[in-house]
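Before any comments, here is the structure.
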Amino acid sequence: MNEKVIQTVELNKILARLADECSTPLGRKEAEALAPMTDREEIEKAESETADALSRVYRFGSLSLSGARDIRESLLRLKVQANLSMPELLSIAMLLRTALRVKGYGTRQEADNLTDSLTDYFERLQPLVTLEKEIERCILSEEEMADDASPALASIRRKIKAAEAKIRSELNSMVVSNGTYLRENVITMRNGRFCLPVKTECRSQIPGMIHDESGSGSTVFIEPLSVVKLNNEIRELEIDESKEIEKILAVLSGEAEAHAGELKTNLDVLSHLDFVFAKAMLAKEMKATRPVFTRDGKISLKQARHPLLDPKTVVPIDVMLGDAFNALIITGPNTGGKTVSLKTVGLLSLMGQCGLHIPAFEESELGIFSEVFADIGDEQSIEQSLSTFSSHMKNIIRIVKTANSDSLVLFDELCAGTDPEEGAALAISILDTLRKRGCRIIATTHYSELKLYALTTEGVENASSEFDVATLSPTYRLLIGIPGKSNAFAISRRLGLNEQIVQAAKEHINHDDVAFEDVIKNLHDSKRKMDREKSEIGRLKAEAKRLQDSLDESNRKLEERKEKILAEAREEARALLQDAKAQADETIRELNKQGKDVRELEKVRTKTREALERTAGKPVTETELPTGKELNPKDLHVGDSVKVISMDMAGTVSTLPDSRGMLFVTAGILRLHVRLKDLMLLENDTTASGKKSGAKGSNGSILKAATISPELNLIGMRVDEALPELDKYLDDAYLANLAEVRIVHGRGTGALREAVRQKLKSSPHVKSFRAGEFGEGDTGVTIAVFK
């Protein structure tokens, strides 16, 4: 990609903003060196990294890489086994600390079992926690080694402190006894040795070595002879201290050298992640999206914004190129936004090929171009004696020589600055030449001939920068398919130019040109009307969608209410059946005790039980709810024949309904307590048959008791098979008036035994139960006693 276009469309300013988002020196250097790519795989990889980093920023917040210092020189020194200084080792520790923090940030995504194009970078980081902690333990700052960095260093520093204490004690004694000879009663340091400030005229009174003299010459700094030996001892200890520090640095450097490869990987990964997340932060700041790259050079920008303009005032534009037409001619008044539109297309194309997101609506499309050429702005050169036209033409000549089918070419005021007729003819010839090569071209112009060229040439389309004559200001909207007007007469009239002058000027205009401009005006008006109607249609569609959503929500709530009502009805029916079953069981048990025939009662009980199971086993639907006419309490009399709907049983009214709508109904030998709304009036013959059948067999023997065994064998059954058998057996045994039963379940794993005992515990018929005793089957059986 030629360097000139990067400056022309101001991509360099975008890269400067990108570099400012970086936290590390190497990340900044990578941002500054970024250039448009032409390989599709490289571009898509870069875009994926930007998109994934932006996704992580929105999910987990921004990633800080401050502290990742450039340690390349230190790595080179380690390569030759040189010892690193304390600042260099601290830089390595800071790099490792940053790697640990960044790796933790990366594992947040992995905790959600999500991987992306950045996962591999985070996994490659090796924080080397042991090395980092050892460096931080030994080195407190860039100039200070910790006392406990080694036992030897700690011992040396203790000796130094002891010697310094002896010197201070000796010198303090001398200050007290020789105070008249001293300039100040203080102990000072000169050349690393303890001294006293002695008056010059008294220096013979304190024997020792003179190390310094004040600027005025009135004071000399003397090291008394009594502390010379101690000072020498301190100097020797300080030399030992320096040697020990060098040893410690050598050990730490050796440990770092052993991990030089990991350190280099950490540096490279952190620098690249810094660069990638800088792209993400720039995209977030610009509210940018990932572009879609076409294979045929098509460009379709939706609501594209120039990223260097104020985001609060910039007007988005829609641009299409490379589909129905390969050349776009933009016309319109000066300061109308033609050049901004041109630069927006060029800049966003280059940003996309740099792997950056673009400030445009989602699913905007870009082509991948091997070259982007731009001739924009005034390039007049006094030094080279070139006019504006000449400087532009030199640039155009270079473009025409180089451009091919993989090129995007941008011309601002093509062939302006010369005779309009010749300039227009030259511009048309240049456009034709590039168009035949398959170039994608956008050109701005004031030439009417180019408008007509776009109207009459296949593959070329007009566009214009909209201008509001009423306010004398551009709207900066780009209208594709509509040629622009200069609006010179309208602007002049609005600014106050004499109307006679304006009319006289119009007389100098060719009538064909006037007619052409009128056509353009009509197209403009039609376009604005269509836009208004389109906006109104969009508003109406949105309102219709809102109403549809509201209706759907109402239907959903209605359906939920309906389901709730059905569920309540189901529960109510189940409660009624439970009451009926309990009453039937009680009646049969009483009859059993009196020795009456229960065969017919058993049929009634079984029918009731099956109705209960049907009700509990499936959801209630509308067809299962009572549909008969609701009875009025005044229409019901004792002795009326009715049908209990929920139990599908016929009976006779025994009592009138109470205040809650509850009454008693006799069905054969059963006396049921039911709700009024669960009843339906029947004809007399139905009831009669019911009575007849209900009374049948009342003098028979107790057959049930004769057929029920006092023992139930469940061995070989699974829990889900055994429990239904046990449940029915308990009911039958209880109705047969057995005092106790023996349930054989075996030992096995104990699961069946435990399930049996849980069932017995919850059974309303069982009074107590126990494990079998010796001779009864031991723990392989359970004895249940009925109430």
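The values are calculated or read from the model by the stated rules, or taken from the named source; none is laboratory data. Source: prediction; values computed, not measured. Every residue, glycine as well, gets a Cβ built from its backbone with ideal geometry; the counts of neighbours run over all protein chains shown. Accessible surface is based on the protein model in full, side chains and every heavy atom, while ligands, DNA and RNA are left aside. Shrake-Rupley method; radii C 1.70, N 1.55, O 1.52, S 1.80 Å.
Just checking, how many residues over region 17-27 are more than 26 Å from the chain's Cα centre (by Cα) and either buried (at least 18 other Cβ atoms within 10 Å of the Cβ) or at pLDDT 95 or above (or both)?
1
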Exercise for review: Tell me, please, whether a residue that is closer than 26 Å to residue 41 by Cβ, assigned to a loop (DSSP other than H, G, I, E, B), open to solvent by 10 Å² or more (accessible area, probe 1.4 Å) and in contact with a helix residue (DSSP H, G or I) (Cβ under 8 Å, 6 or more places away or on another chain) can be found in region 300-315.
Suggested key: yes
Practice item. Return the pairs, sorted by first residue and then second, in which the second residue is part of a helix (DSSP H, G or I) and open to solvent by less than 70 Å² (accessible area, probe 1.4 Å), the first residue lies in region 565-582 and is under 21 Å from residue 650 (Cβ atoms) and polar (S, T, N, Q), the beta carbons are less than 9 Å apart, and the residues are 6+ apart or on different chains. Key: 578/612
Exercise for review: Determine, yes or no, whether residue 284 is under 27 Å from the mean Cα position of the chain (by Cα) and open to solvent by 70 Å² or more (accessible area, probe 1.4 Å).
Suggested key: yes
Check your understanding: Scanning region 756-787 for residues that are among the basic types (Lys, Arg) and modelled with pLDDT of 85 or more, which turns out surrounded by the fewest Cβ atoms within 10 Å (Cβ to Cβ)?
Key -> 761
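Scan region 256-279 for residues that are charged (D, E, K, R), more than 14 Å from residue 126 (Cβ to Cβ) and either under 31 Å from the mean Cα position of the chain (by Cα) or modelled with pLDDT of 95 or more (or both) and report the count.
2
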Point to revise | Residue in region 339-356 that is farthest from residue 32 (Cα to Cα), counting only those that are open to solvent by 10 Å² or more (accessible area, probe 1.4 Å) and of a type outside the set (Ser, Thr, Tyr) | key: 340
Review point. Taking region 28-70 as the region of interest, how many residues are touching a Lys or Arg at 6+ places or on another chain (Cβ under 7 Å), at pLDDT 90 or above and over 29 Å from residue 297 (Cβ atoms)?
Key: 1
Point to revise | Residue check for residue 156: assigned to a helix (DSSP H, G or I) and more than 15 Å from residue 252 (Cα to Cα) | key: yes
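For (1) among the aliphatic types (A, V, I, L, M); (2) modelled with pLDDT under 85, each residue gets a yes or a no:
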{"residue": "357", "(1), (2)": "no, no"}
{"residue": "361", "(1), (2)": "no, no"}
{"residue": "365", "(1), (2)": "no, no"}
{"residue": "374", "(1), (2)": "yes, no"}
{"residue": "378", "(1), (2)": "no, yes"}
{"residue": "384", "(1), (2)": "no, yes"}
{"residue": "411", "(1), (2)": "no, no"}
{"residue": "424", "(1), (2)": "yes, no"}
Exercise for review: Report the residue count in region 455-475 for those that are open to solvent by 30 Å² or more (accessible area, probe 1.4 Å), out of contact with any Ser or Thr (no Cβ under 7 Å at 6 or more places or on another chain) and either at pLDDT below 75 or outside any loop (DSSP other than H, G, I, E, B) (or both).
Suggested key: 9
Exercise for review: Would you check which residues across region 186-225 are touching an Asp or Glu at 6+ places or on another chain (Cβ under 9 Å) and either among the small types (Gly, Ala, Ser) or assigned to a loop (DSSP other than H, G, I, E, B) (or both) and list them?
Suggested key: 191, 192, 208, 218
Exercise for review: Scan region 428-453 and report the pairs whose first residue is assigned to a strand (DSSP E or B) and whose second residue is open to solvent by less than 60 Å² (accessible area, probe 1.4 Å) and of a type in the set (Ser, Thr, Tyr), with Cβ atoms within less than 7 Å and a gap of 6+ or a chain change.
Suggested key: 444/339; 445/331
Check your understanding: Are there any pairs with C-beta distances below 8 angstrom linking a residue in region 320-340 that is without any contact (Cβ under 8 Å) to a residue 40 or more places away in the chain to a residue that is surrounded by fewer than 24 Cβ atoms within 10 Å (Cβ to Cβ), with the two at least 6 apart or on different chains, and if so which?
Key -> 323/298; 323/300
Review point. If a residue has to be in a loop (DSSP other than H, G, I, E, B) and either open to solvent by 20 Å² or more (accessible area, probe 1.4 Å) or farther than 17 Å from residue 709 by Cβ (or both) to count, how many in region 733-755 make the cut?
Key: 8
Check your understanding: Yes or no: residue 93 surrounded by 21 or more Cβ atoms within 10 Å (Cβ to Cβ) and either modelled with pLDDT of 90 or more or at positive phi (or both)?
Key -> yes
Exercise for review: Confirm whether residue 72 is under 16 Å from residue 355 (Cβ atoms), among the charged types (D, E, K, R), in contact (Cβ under 8 Å) with a residue 24 or more places away in the chain and open to solvent by 20 Å² or more (accessible area, probe 1.4 Å).
Suggested key: no
Practice item. Filter region 184-213 down to the residues that are within 23 Å of residue 165 (Cα to Cα) and among the basic types (Lys, Arg), then identify the one that is most open to solvent (accessible area, probe 1.4 Å). Key: 190
Study note, to complete from the structure: Residue pairs within 7 Å by beta carbon, gap of at least six or interchain, first lying in region 756-782 and part of a strand (DSSP E or B), second small (Gly, Ala, Ser), listed first then second, are 766/784; 769/784; 781/772; 782/771; 782/772
